[in-house]
Each structure stands twice: as structure tokens, then as C-alpha cells.
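Read through the structure below, which is laid out as C-alpha cells, and then see the notes.
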């Protein structure tokens, strides 16, 4: 009888140990599962979330700023993936000592402004925050421009109030490529024709940069019209720009940003050190053949353009590093 009780006690102890280990494992797994905070709801956000869960093969915990204050039980004392500019700023303002943040699906200029406005935040001081931008690096756009205009010597653009923080980077990268940067600042009150005409006409290629003040519907119409009238290729930042008359467009879809975000989440789960803020690795190139014919450009097939872009970007990155 005593032997039986001893065996039962040993078995109970083993079961207890197993239960404790399972609880600890589940707790650690829960801590490693990030909380997603979205700036809003919409198709783009839903697509990004679906892509993340497919890539990570888990169901993610989510919260939405538009619902007002987040539930008190949703602690920020963990890894947070902030989707969109508003969510990123919210987490920066409410971060706790051990918060680690990946801001994603926001423009690079928005993150630059946030980092300047909150440089005293421990998140930035301790490098507990990183970002994945939704726009494309100037180097990638200039490589694309050179593919369609091999002999180009100048590249033009116009900056608005929110994108002017990118001016220095535009000048630096253009100079690295041996091109003369042609640019100016345009405010909402400016006459778009008066500002855009000299810039576009003095450029071999014009790159449209996302800025809600500059690229509203009226200004976008004039950019397209002036570039076509002067036979200057325009590279847009969305499929709508290409549909409207830009020769080429380069952009990252919510699915592509979601894939790269999933890659970064995996990296963060296995490393205490956060990766550097970066531009999207996955992107889409679109061509408007009608606009190309109007400009008398004999463009190669899209597959060859994409292949040349990937190859040239790899060479550029190797030389830069």
C-alpha cells in the first residue's frame, strides 16, 4: 500500500511539473506574440492583417484606434506592431519601459517627423523602435528612371510641407548617381502650373513623391499634363498614377508590406536587437504603354524591366555597404 501511494505521489509530481512547464511555455509564447494596433479599419489594413496571419501561421491579437481608448487589459508592455502613422504615434506616446515597437505601413517622412518630435522618448534613445516604410527609396526609383532613360543627367521632383524632410536624401542619392537634382517646395496656396512647369521642363525624368498637400487631385492633373506636354517621363507612386498617364509606377501593395512585416516580426522574436528602419523589400512595377508611346519611349517588356531593377539594386547595395 505504501509503495502504491509513493508511486501515485511521484506520478502526481510529474504531472504537476508538466503542467507548470506547459503554463510557462504558453506564457512565453503569449509574450512573444505581438499586439497589432491599427490606425483605422479598411480594406488595406484587413489585407495586411490577413497576410501577416498567413505568413506567421497564427491568429494575432488586434486593436483599433478608431474604437476610442484601447482596452485597459491590452498592455503595451510587450512587442507592438503599430500599423499606420496614427498608431505609431499612439504607441510612442504611451510606451512602457519594456515596449518594443515595429511601426509599419507608414510613409518614411512620417516616421522621420515622429523621430524628430519624440527624440527624447526612451524608445528612440534605447533603440526599442523600428519601422517598415510603405514608400520606395530614392535609389530604387532612380535606378528605374535610368532603365527607361539611360542617358539621363537630371531628375526632378517637388516637395510639399510634409515631404520636405526628404529633400536632403533626394539630393544625396541623385548626386550619388551622378545626376543633377532639380526640385523646389510647393505649398497648397501656390499656383501648381507656375511651380511645376520649370521643374518638369528642366528634368530628364520627374519622380512624384507622396505628399497630401502637393499631390492632391488638381496638382496631380497638372503634373501629368505638363510632363506629357514636355515629353518628360513621369514615375508615379501608385497604380492610379499609372492609369492616369505616368509612364511607370513603383509601389508596395498591402500584401507585400504584410509579407515584409512578417519577416521582421520573425527577426524580432529571435533577437533582442531590432533591425534598422527600412524600405519595403517587395514591390510592384507597372507600365503605361500608351503613355510610353506618346513620349516615344521604346520600353522593354515588364519582366526585363523588373529583372534589370533587381540586378542593379543588388549592385548598388553592395557598393554602398
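The values are calculated or read from the model by the stated rules, or taken from the named source; none is laboratory data. Quantities reported herein were computed from a predicted structural model and do not represent experimental measurements. So basically every Cβ, Gly included, is an ideal-geometry build from the backbone, and we count neighbours across all protein chains shown.
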*For segment 129-148, does any single residue satisfy the condition of being in contact with a helix residue (DSSP H, G or I) (Cβ under 6 Å, 6 or more places away or on another chain), modelled with pLDDT under 95 and more than 30 Å from residue 305 (Cα to Cα)?*
no
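What about residue 220, is it over 18 Å from residue 155 (Cβ atoms), free of Cβ contacts under 8 Å to residues at least 40 places away in the same chain and surrounded by 18 or more Cβ atoms within 10 Å (Cβ to Cβ)?
yes
Determine whether residue 186 is closer than 21 Å to residue 279 by Cβ and buried (at least 19 other Cβ atoms within 10 Å of the Cβ). I'd like the intermediate steps shown before the answer.
Numbers: closer than 21 Å to residue 279 by Cβ: no; buried (at least 19 other Cβ atoms within 10 Å of the Cβ): yes.
No; evaluated as a whole, the condition is false for this residue.
Within segment 227-235, is there a residue that is assigned by TED's automatic domain parsing to the domain that holds residue 161, assigned to a helix (DSSP H, G or I) and in contact (Cβ under 8 Å) with a residue 60 or more places away in the chain?
From segment 227-235, those assigned by TED's automatic domain parsing to the domain that holds residue 161 are 227-235; that's our starting set.
Then keep just the ones that are assigned to a helix (DSSP H, G or I); that gives 227-229.
Filter once more, keeping what is in contact (Cβ under 8 Å) with a residue 60 or more places away in the chain: 228.
Checked segment 227-235: at least one residue is assigned by TED's automatic domain parsing to the domain that holds residue 161, assigned to a helix (DSSP H, G or I) and in contact (Cβ under 8 Å) with a residue 60 or more places away in the chain.
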*Please go through segment 197-217 and pick out each residue that is modelled with pLDDT of 95 or more, buried (at least 17 other Cβ atoms within 10 Å of the Cβ) and over 18 Å from residue 137 (Cα atoms).*
199, 200, 203, 204
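Of 157, 139, which residue is closer than 16 Å to residue 237 by Cα and assigned to a helix (DSSP H, G or I)?
Working: 157 fails: assigned to a helix (DSSP H, G or I).
Within the list 157, 139, the selection yields 139.
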*With the condition kept exactly as written, say whether any residue in segment 86-102 is closer than 16 Å to residue 276 by Cα, assigned to a loop (DSSP other than H, G, I, E, B) and not assigned by TED's automatic domain parsing to the domain that holds residue 180.*
no
*asked:* Take the conditions assigned by TED's automatic domain parsing to the domain that holds residue 98 and either buried (at least 22 other Cβ atoms within 10 Å of the Cβ) or in a helix (DSSP H, G or I) (or both) and apply them to residue 265. Does it pass?
replied: yes
